[in-house]
Structures are given as structure tokens and as C-alpha cells.
Amino acid sequence: MNLEAALQTFIVESRELLLSMEDSLLELERRPDDADAMNATFRAIHTIKGSAGLFGLDDIVRFTHVVESLLDRARNNEVPVNDTLTALMLECGDHIGHLVGTAAGDQPTDPAAMEVRQAALLERLGRFSPAGVPEVAQAVERPVEQEAVLARDEGGQVGSGAWHISLRFGRDVLRNGMDPASFLRYLTTLGDVIHTTTLCDAMPAAAEMDPESCYLGFEIDLRSEASKETIEGAFEFVREDCEIRILPPNSRIGEFVQLIAALPENNDRIGEILVASGAVTHAELAHALAEQQAVASGKPRVGEILVEENVVQEAVVQAALDKQKQIKDKRALENRFVRVDAAKLEELINQVGEMVIAGASATLLARRTQDGALHEAMSLMGRLVEEIRDCALSLRMVEIGETFNRFQRVVRDVSRELGKEIALEISGGETELDKTVVEKITDPLTHLVRNSIDHGIEPAEVRASRGKPANGIIRLNAYHESGTIVIEVSDDGGGLNRDKILSKAIEKGIVAPTQTLADQEIYNLVFEPGFSTADQVTNLSGRGVGMDVVRRNIEALRGSIDLDSRPGEGTTFRIRLPLTLAIIDGFLIEVGESSLVVPLDMVVECLELSDADRQSAETRRYLNLRGEVLPFIRLRELLAIEGEQTRRENVVVVQFGGQKAGLVVDQLLGEFQTVIKPLGQVFRHLRGISGSTILGSGEVALILDVPALVQQAASRENEQTASVMQSVRPGMAPTAIL
């Protein structure tokens, strides 16, 4: 039987449960009396342990069982919930993550160190145990007792003092990928299995056997301190495929009567099994069968216990109905989601992209034929393709809040390492972003957060001297802006030292001593390779390695990063990223015989370049846009496009990050659905071009990198303005440059 697919599901779900457990533990650290957070932590560990048992992952089962036992004691207020406990549970969660990774096939970097770490964790867990050692660390290895100690009293209680489990697996349990033996092995982690009887009564003749069907049943006696809910949880994954009946230790005769009547085997056969297992004696069996016969004949039962078995209070019934409704609602919610392989989604996006290209080609042919009906049909087809495109892209959109929440642990651990008190505030977590972008942005965000903790937030005594609260704050925020998503990492620390950055840049030869830079340009020098103003190197930063990698990784996603800092108030890193990396709405333009695409969300307006502006363009690279200075770029010159210049030129006004620029082009061809094709490695250093696409005619069009073009135009305009202002006579108005 191939359980590889089920194992992969276990690995994915375990990692999700560990993240959920981490969030719950961080909440417990803030609010130790939060029962919901404690229960969520316990459920996560319990589910991982149960699932691991199904796959025979004994290392995970042994360790999680120790952790689960401690959490159970904490739930029952036997162990105080404090920083020591939550810190230990966080470390245990990390170790379980390593064990899950090993099960997934990831080889540990140092197996010996991993074993030492586990031994140390078990020793620390043992300090919370009354016995001084993890009471269930060897639970899986304890020998099974062969004899039961019978216990009974005058109140009609019978049995061995152990749980009695009647288990009948369904015929399809093997087809559904489950191994019955794994459930029996898992029970040994809950206590001692003192007797097991395997039932083969349902086994057909050999000629009629189906090798994929299960015909087995079991009668099991389990001595355990676990609750009935815990024992039932062991069979959570086969609840729909089997019949399970559980009797608590020292159950009454009436309960065994119900068990005998409910099981599929005949009464004598069940009686023999119960006696053989030590659950009841011969006398107790005879008494139970007599009561069953009395019920069948309509006579009063011997030792009738109506109050305990038949009379149920209305409140209890209502509670049971409410619980049943909660379970149904939970299952209905779970059924709304389907796990899909990311590779299949990627293939779907690629096919939709090809459909967009084919649709553009068909629309172009329809225009050439000048057939009105065909043109109308293709317009309808274009709208449908656009809707399919949006639906396909939305499948990969995920909320960034889950990624933000992971930094709660980063802020906690790093701030404690540095001896600082820092809180993380999250906003805009509901903002959606392409899953591919989310996965690739995690590392840059991690570096920025750690940098803010180390460099941004001052020590408590420094903050106090500046009149600030001792506790620092780091904020993560996300929002949409002009077809992009903006992610902000800000802190309320001391801000960047402008003069120190400039002097360091001059010292390293990055900036010439005579060069004039705006504050924003000086702050952006921290992204230069090898640049650092740290006075000493720490485990976190100071080597000048990282910020340039952050910028390079973000630019690889067709994004940009800049920062804003105010001395004494804090620093904000601002990342702008495209919503998706696959398909966008574009605005098609033409320069000479070359077709270019501008992302439509960044286009503000289009206007004709006047004759006066064309004449003045020989000496300046900006124009007056309704009283606003608008720097512009001639794409013909930038891209070295050959050919005669047209008599009429247009300006496409684009905006990015609050800055505007104009792109001078020959023709405006209108909106165009663009399938982004990445450039090859040969062009990875080419600035101003972010990718390519295929037009309906089969020609290739380049997609302009608007952020890079805007920044280039803004920098050139700042340089020109600075040089002009240096030559302007004192008292002359700055607007005179227009």
C-alpha cells in the first residue's frame, strides 16, 4: 500500500499545526490564564502525536507524548503557566519541527546534536513531573502485562480496572490508506495494553476473500490514565470506517449488557471473548446475559438502574445536541477547502497565459477581416478570458497576515537575546498577495525585522533618557497602492544618522566628497554592498552583509525598496511589489518599430507633447504639467531605437511610490492583456526592462520597469534642479526654472 501521499499530507498539516501552536504559546506568554490558547496548544500536539502514530513515526510519538502530558497537567492547573513553561514549549515545538523534517526526508545537519538537544529537552520536561523524570518517556517501550487484576465492588461494578475497547474495522479501511496495526501500536503510547483478542469471525472462505478488504475486529483491555476523549481521539482518522465502543474501568453490568447486544457476533461468542480477556468473570457474564434476556422478554431487569442508564436530564440532551451541531459545522467548514498541489496551480496559470496570447491573436485577425459579427464574438471571448484569468490568479492569492504572524516569534527571541522589550504590531494582514511572492519575501522581511530590533530600537535606558517608553514597537503593515502591494517595516527607535551614513559612504568611496545628495538618497546608501555603520559586529548584524541582498531579492520580484527615517522618531522600510508575477493588464505603446508595454495600473494619463515642449526638450528633461514639474524620459534615446523621429509625440504619465514621470513615445495603442515572460540571465543586469510578452501578431514586446524608470527620471531631475539652484541668483524664485 502506497502511503506516500498521506505522509506528505501529514507533514504539511503538522507544520501548520506547529505554527498554530507557536501563536498560541506566544498568546499564553502574554495572557497565562487564556484557556482557549492552552487548549489550542494541547490539540495541536495531540493531533501531531496521533497522526505520527498512524505512520509508525515512533520518535515523534514518544517525544510529543511527553510534551502532551505536561500540557495536560498545565490544563488541569497542576503546573503553573509562566514564561519558563512557554519558553520550553516553544523549544519543544522547534524540535518537533526538526523531527517532522526528518520524516519528510530532510537530513539533519548534525544528528548527534539533535539527539543531545532532545535529551536536554526531556530532562527539562522531567523537572515538571512529580517523579522527576518524564513519566511517559518510555511509555512506548514498557512491556505489556499479561495478567489483569480484577476489581469489583458491591455496587454492581465489574471489570479489570482497565478500559475495554471493542473495535470492528470497516471493509474499506485498507482502501482508504489506513493500517489497523498502527492504531493498536498507538494505544501503547496511552498506557498498557493488558489483553488483545483478534476476531476473525467475519473472515470469508479463502476463495471469496478480497485482499483489499479488512475483516478483522479486536477486543482490547487498556490500562491507562487517559480520558475517554483521548482514547477516542486515537481513532479519529477511521471514525467513519469502523465501529468503536469504549467502556470505562469498572463499568456496570448494564453497560456490558448493551455491549453484548450491540456487537455483531452472537452473545455466547462475545461472552467467551470478555471472559478470556479478563473483562468479566463467568458469574458476571451469566448475570449480564440474564439481564439481557429479561429485557428481551419484557420483564423487569435484575438490579435495574434506570436513573443511571435511561433517565437523562434535558440539559444533558441539549448539550449533546449542541456538541453535535458544532462537529457538523466544523466538518462543513473543512469540506469547503481542497488541498491542491502548487505545481498544478502553476500549470493552470501557464495555460491561462497561453490562452490570453491566443485570444489576442484571434482578436487581431478579427479586426483585419472587418467582420462585425466575428469582432463582436471575439470581444465576448476576450471578456470571458479575462474573467478566467482573474479567477485563476485569485487561486494563488493568500493573505499576508499568516506570514506577518510568524515574526511574533522572531521579535520575541531576538529581543530577549539583546535584552530589549519589544512588541510587534500587525495591520493589513488581510491584504492578499500572490503565494509565490509571499514565499520569496519572507527572508527579506526577516532581515529587516531583525535589523530594526538590533539597530533601530534603542536600549531601555537610552529610550528613558529620550523620554520614550521603555518598550519599543515594531510595526508590520500592508496595503494596496496603484496595482502594487506596499509592505512597511517600521520602528519607533532612534532613526538613521544621516551624517554618519554620508561620512561612511565617502570613506568607502561610494560617494564623492563634492557630490550633493538629498536625504532620501543618503538613507538609501545602506543598501550598498558591504555598507554598515555598526560600531561592533554582533550575531545579528554589523558585517555589512544583508541589506544589499534584501534589495536584490526584492528587485528580482520586480519590486523596489526605499526607506524613510526621522532622527529620534524611527525608521520605515517600504517595499513595493507587484500583486502577481504572471499576468497583468498593460498599456501598449510604440516607439519607432518597437512595441513596449507599460503596466496599466501605473498609467495616470496620456497627453500630446506640444511643439514648445519639444523645442525646449533639447536643453531640459522636464515639462510643466498644470503647474507641476514632470521629469520625462525619451524612450527612443534610452533604448537606442533607430529610425526617424515622428512629427507627433505623446507623453505617458506614470506614477510609482508617490513620484511621477513622463515617457515620451510615438504612438498609443491602448490596453493589452500581458503575459509576463521573464528575461534570460544574459539580461539580468538590464535596468528599465522587467520582462517580455508575446503580442497577438507573434511579435515580442518588452515590458518596461516603471519603478526603475521613475527613479532614474527623479534622480536626474533632482541633479538638474540642484545644479540650477546653485547658479540661481539669491532671491530668485525656484519656479523660474520652468
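For the stretch 604-626, how many residues are under 13 Å from residue 662 (Cβ atoms), surrounded by fewer than 20 Cβ atoms within 10 Å (Cβ to Cβ) and not charged (D, E, K, R)? Of the residues in the stretch 604-626, 8 are under 13 Å from residue 662 (Cβ atoms), surrounded by fewer than 20 Cβ atoms within 10 Å (Cβ to Cβ) and not charged (D, E, K, R). Selection within the stretch 691-719: residues that are under 21 Å from residue 602 (Cα atoms) and among the β-branched types (Val, Ile, Thr). The member of this set that is modelled with the lowest pLDDT is 710. Would you pick out the residues in the stretch 573-593 that are assigned to a strand (DSSP E or B) and surrounded by fewer than 19 Cβ atoms within 10 Å (Cβ to Cβ)? Selection gives 574, 585, 590. In the stretch 469-503, the residue that is surrounded by the most Cβ atoms within 10 Å (Cβ to Cβ) out of those that are modelled with pLDDT of 90 or more and among the acidic types (Asp, Glu) is 491. Of all the residues in the stretch 203-245, those that are over 17 Å from residue 179 (Cβ atoms) and either in contact with a strand residue (DSSP E or B) (Cβ under 7 Å, 6 or more places away or on another chain) or among the β-branched types (Val, Ile, Thr) (or both) number 11. Within the stretch 3-37, restricting attention to residues that are under 17 Å from residue 101 (Cβ atoms) and hydroxyl-bearing (Ser, Thr, Tyr), the residue that is surrounded by the fewest Cβ atoms within 10 Å (Cβ to Cβ) is 9.
With the requirement that a residue be surrounded by 13 or more Cβ atoms within 10 Å (Cβ to Cβ) and within 23 Å of residue 480 (Cβ to Cβ), what does the stretch 357-387 give you? Selection gives 386 alone. Annotation note: of 509, 530, the sole residue that is part of a loop (DSSP other than H, G, I, E, B) and either modelled with pLDDT of 85 or more or touching a helix residue (DSSP H, G or I) at 6+ places or on another chain (Cβ under 8 Å) (or both) is 530. Figure legend. Inter-residue proximity from the stretch 55-81: first residues without any contact (Cβ under 8 Å) to a residue 40 or more places away in the chain and closer than 16 Å to residue 43 by Cα, second residues of a type in the set (D, E, K, R) and crowded, with 22+ Cβ neighbours inside 10 Å, beta-carbon distance below 9 Å, spacing 6+ or different chains. Indicated pairs: 64/49; 68/49. In the set (1) closer than 18 Å to residue 688 by Cβ; (2) hydrophobic (A, V, I, L, M, F, W, C); (3) not assigned by TED's automatic domain parsing to the domain that holds residue 524, the condition left unmet by residue 612 is number (1).
Among the residues of the stretch 456-468, those identified as surrounded by fewer than 20 Cβ atoms within 10 Å (Cβ to Cβ) and assigned to a helix (DSSP H, G or I) are 460, 461, 462, 464, 465.
Counting only strands (runs of 3 or more DSSP E) that sit wholly inside the stretch 594-690, those with at least 3 residues that are within 43 Å of the chain's Cα centre (by Cα) and at pLDDT 75 or above are 594-599, 603-608, 628-634, 650-656, 659-665, 667-675. Any residue at all in the stretch 2-17 that's in contact with a helix residue (DSSP H, G or I) (Cβ under 7 Å, 6 or more places away or on another chain), of a type in the set (Gly, Ala, Ser), closer than 23 Å to residue 183 by Cα and not assigned by TED's automatic domain parsing to the domain that holds residue 413? The answer is yes, given that some residue of the stretch 2-17 is in contact with a helix residue (DSSP H, G or I) (Cβ under 7 Å, 6 or more places away or on another chain), of a type in the set (Gly, Ala, Ser), closer than 23 Å to residue 183 by Cα and not assigned by TED's automatic domain parsing to the domain that holds residue 413.
The residues on offer are 221, 172, 201, 210, and the sole one that is part of a loop (DSSP other than H, G, I, E, B), over 41 Å from the mean Cα position of the chain (by Cα) and modelled with pLDDT of 80 or more is 210. Being at negative phi, among the acidic types (Asp, Glu) and buried (at least 19 other Cβ atoms within 10 Å of the Cβ): is that true of residue 601 here? So residue 601 fits the description; yes.
The values are calculated or read from the model by the stated rules, or taken from the named source; none is laboratory data. Predicted, not measured: the structure shown is a model, and the values here were computed from it. Cβ sites come from the backbone with ideal geometry, for glycine too, and all protein chains shown count toward neighbours.
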